[in-house]
């Protein structure tokens with residue numbers, strides 16, 4: 001399995017986070033030409049209280065957010081709009097047979113549910129989009145600078161489209 005999902009909030013069980021995270025992470029890596037069987041991503045399904053704690057600890061923002069990501073390596077490009085330095089598919093992992101860790105993701109149930117309702121989107125589609133978004137962050141994509149944001153958003157639309165989902169930025 002590409003994803004190792006830990007559920008701190010039981011509502012994620014009903015939402016199918018483990019299945020959605022695996023599908024979204026796999027689709028993202030395949031789209032970028034990476035072999036999903038060579039990598040591992042940890043996904044924490046939590047609530048707003050927990051994600052607010054994490055957001056305060058790591059970003060100095062004491063509010064809940066939808067998703068956070070912690071890449072195992074810095075891969076971001078120096079030039080706005082350039083592609084990040086992706087892992088080498090041909091390189092040997094840390095030890096024979098072990099997957100390379102791409103990083104960790106935390107996702108909050110209440111915030112995801114509220115955002116999905118406010119946007120009139122099915123919860124599973126919103127979760128899938130957020131996991132694709134977070135995996136791209138693990139791979140060095142970002143949306144702080146304008147050209148980086150355009151690149152990342154375009155990839156999200158392409159990946160989700162291949163998964164049969166509409167453009168999340170135009171979906172009503």
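Listing 105, 6, 157, 144 from fewest to most neighbouring C-beta atoms within 10 Å gives 144, 6, 157, 105. Note: relative contact order over the stretch 17-71, using C-alpha pairs below 8 Å and six or more positions apart, is 21 percent.
Once percent of Cα pairs over 19 Å apart is calculated for the structure shown, the corresponding label among (i) 66; (ii) 73; (iii) 56 turns out to be (iii).
Distances between every pair of Cα atoms in the stretch 78-168, grouped in 5 Å steps from 0 to the bin holding the largest one, split as 2, 12, 19, 18, 21, 13, 9, 4, 1, 0 percent. Among 71, 87, 36, the largest mean-square fluctuation in a Gaussian network model of the chain (Cα springs under 10 Å) belongs to 87. Listed by Cβ neighbour count within 10 Å, with the fewest neighbours leading, 72, 108, 62 appear as 62, 72, 108.
Read the figures in this text as sums done on the coordinates, not as results from a lab. Just so it is clear, the structure is predicted and the values come from calculations on it, not from any experiment. Cβ atoms come from the backbone with ideal geometry, glycine included; neighbour counts cover every protein chain shown.
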